[in-house]
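Worksheet: one structure, shown below.
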Amino acid sequence: MIRKKNSLSFMTKMSIRKRLIIVFLLVSLVPLCVIGSISYFSSRSALSSKAAQYSMDSLVKTGYILEMKLAEYADVSLQMQIDRSLNETISNYVKAENDYDMVLASIVLKRAIERYLYADEGIAGLMFLGETEKHFVALGSIKLQPDFRETEFYAQVLSAGGRVVWASSPYVMEDSDQAYILAGRLIEDLNTGRPLGVFLTFVSEESIDRLVNYSVYQEPDIQESYFMLISRTGQIAALPKKAGKEHVGKDLSDFLNNSAALQEIIGGGAEKNALFTGLFKENVLLTVGRMGSQQQLAASSWEGQTTATAEELGTYDWYLLGITPTSYLYQEARSVGVTTLILGVIFGGGAVLLSLLVAFNISDPLARMVKIMKKVENGDMTARVEITNQDELGFVGKSFNRMLENTNRLLANTMKAVTAVFEHSSILEQGSEQSAQTAESIARAFEDINKGTMEQTIEAEKSSKLMIELAEKIDLMVNKSGEVGNITSSVKTMSVKSKDAVSMLMDKAKETDRITADIIKDITELHSSVEEIRNITDVIVNIAEQTNLLALNASIEAARAGEAGRGFAVVAEEVNKLAAHSQEAGRAINHFLQTIETKTTTSTQTAERAYEVVREQRSAVSLAQMSFDEIITAMDNAVDQLTVMNTIIDQINGFKEQTVQSIISISAISEETAAATEQVFASCEEQTSMAQQVKAMAEELQALARTLVEITSSFKATT
């Protein structure tokens, strides 16, 4: 019973309009929200299961295609082993007895294997490494170096015994961002079984990417899913441009939110081969497969915000990942959610409109009654209730209007009487106030006159004293002006001497300017001579380069001639050496000339800066000379002005005695005027006191009348 009473008390504190709106919203929106939520999450679960199964099927097919392509790349090194002509070519290259035979054999070997390089765009480079460092042949668009003998992968190929070995991680070039998948095989002599060397195949990451993500590049605006190739260690080997090529060669765990779950799938300890996770800052469905496996795992129900599926891809030690963004996967589920939201808004709006219509029909008459009562409460007696209902509310409204009319008539009569009293008291107050103000004005005027007279007397006495002090200061000023004249003459003499020194400095600056110009001219001629020598050395270097080319051609022709051209080859080699020495000497001379040219350029710039400094010094000396001329002229004018000033001071000293006598007479007259003003001021003070008493009585009467007016003015009534 207590709970029911509290509930009813809470409801009675709400308006009828709010209660109706709340009830209609609960009845219409709650069932719709429940049904919409169930539909949305059911569709998400179904889409996740279907997408995982579809992704797994695509992963198996793509893995098979990739395995076939990798087998083709492995066959390139296999041909080096089983093709007898290729095997003999490699054997001849390794067994060459001298450098000349090795060069010829390397040319034949390059021609034999370059057809495999151009047969497939995915092969970026081919390399053969013999047992010694000098046995090195490389073809392709990438810069290959013979330092692979020091890598762990090279040791793995040697220990594989002729089987193809795929690198466990992608190979990334140091001077570029390109990544490659590396395959190696030990090549043996078919006749003796002796190891000849290691053959390496570099497969570009771009070709693997375009193979597994063919649909992504064909339909970039439609296809959202893509595949990614990673190694067992978790390094990214291939992925499309839309995912970011800069991630190739980096560890996948750096971009994956749930790397532990992926490791469990790869290790075979997970029940499902798919999971939702965060990758590259977006939520994705991730499926995993290893090359060569034909196993297909169906995805069951999925929960959570993020998912990955796993299938192994053979003996290549690589894993193929299928990536599907959840934003694309849940597109249909979001459509269901948006539809549910739109229906909720529509039904909610309809419920609000219906509840408002019913609430207005019931609560509008009561609201109008409450509004009029608030106006009457604030003093508006002219307000009336307009209710056209013929029920109890209409009867209450008419009775309320009649009560307001009776009260309005009583209030109007009271306001008229109070207004008349207030107007008469205001007139009386204004008259008394004017009388008091007039008396106060007269008193203030006489008080000001009295003060002015007293101040005038005091100031006259002060002026007399100041005039005496002024006479003393005038005498002192006459003496000081004489001293200033002597100092001015001394300054003029010093200025004339300084001007002579500045003239001498100007002559020295002109001589320095001439010497600096000669230095700049000599350095410029030296620079021209260096340029001529450089032209000559360039000719020597060009001749040496041409001689070098001729010697090289002669060596080639001697090699073609065989035994008959060996002597000619020795001569060509010596000519080549002399040309190389000449070329190096020419380059050394050019280097020395460049150093001399740099120093002469620096000296020229320094001399030019010194020349500019001298020119600025000459300008400064000229300005100083002009300044001393102006100082001498100013000193002459100062002496003339001091003479005129002394004459004026003598005249001022003659008038000082007359001024002192006049000030003494003014002081006596001011004292007599002050005595008469004090008598008139006393009479004005008595009149002001009487006017203040009348004003106080008028203010008291007006205050009473104002109180009555304020009380009645709070009511708004008709007259």
Criterion first (under 30 Å from L549 (Cα atoms) and either outside the structural domain of M504 (by TED's automatic domain parsing) or charged (D, E, K, R) (or both)) does E584 satisfy it?
yes
Of (1) among the aliphatic types (A, V, I, L, M); (2) at pLDDT 75 or above; (3) in a helix (DSSP H, G or I), A96 satisfies every one except (3)
Within region 513-535, the count of residues that are more than 52 Å from the chain's Cα centre (by Cα), surrounded by 15 or more Cβ atoms within 10 Å (Cβ to Cβ) and under 12 Å from A610 (Cβ atoms) comes to 3
Of the listed residues (K50, K69, K5), the one being in a helix (DSSP H, G or I), at pLDDT 80 or above and surrounded by fewer than 18 Cβ atoms within 10 Å (Cβ to Cβ) is K69
If you go through region 119-142 one residue at a time, do you hit one that is over 48 Å from the mean Cα position of the chain (by Cα) and in a helix (DSSP H, G or I)? yes
Only unsatisfied item for D147, checking (1) part of a helix (DSSP H, G or I); (2) at pLDDT 85 or above; (3) surrounded by fewer than 14 Cβ atoms within 10 Å (Cβ to Cβ), is (2)
What about L623, is it out of contact with any His (no Cβ under 6 Å at 6 or more places or on another chain) and surrounded by 13 or more Cβ atoms within 10 Å (Cβ to Cβ)?
-> no
Among the residues of region 180-221, the number that are under 39 Å from the mean Cα position of the chain (by Cα) and on the phi > 0 side of the Ramachandran plot is 0
Q. Somewhere in region 162-183, is a residue touching a helix residue (DSSP H, G or I) at 6+ places or on another chain (Cβ under 6 Å), more than 22 Å from L229 (Cβ to Cβ) and surrounded by 16 or more Cβ atoms within 10 Å (Cβ to Cβ)?
A. no
Scanning region 150-186 residue by residue, the ones that are in a strand (DSSP E or B) and of a type in the set (G, A, S) total 3
Scanning region 190-242 for residues that are in a loop (DSSP other than H, G, I, E, B), hydroxyl-bearing (S, T, Y) and touching a residue at least 40 places away in the same chain (Cβ under 8 Å) gives S225, T233
Of the residues in region 133-144, those that are free of Cβ contacts under 8 Å to residues at least 40 places away in the same chain and either surrounded by 18 or more Cβ atoms within 10 Å (Cβ to Cβ) or not hydroxyl-bearing (S, T, Y) (or both) come to E133, K134, F136, A138, L139, K143
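The values are calculated or read from the model by the stated rules, or taken from the named source; none is laboratory data. This structure is a prediction, so every number in the text was calculated from the model and none was measured. Quick reminder, even Gly has a Cβ in these numbers, built from the backbone with ideal geometry, and neighbours come from all protein chains shown.
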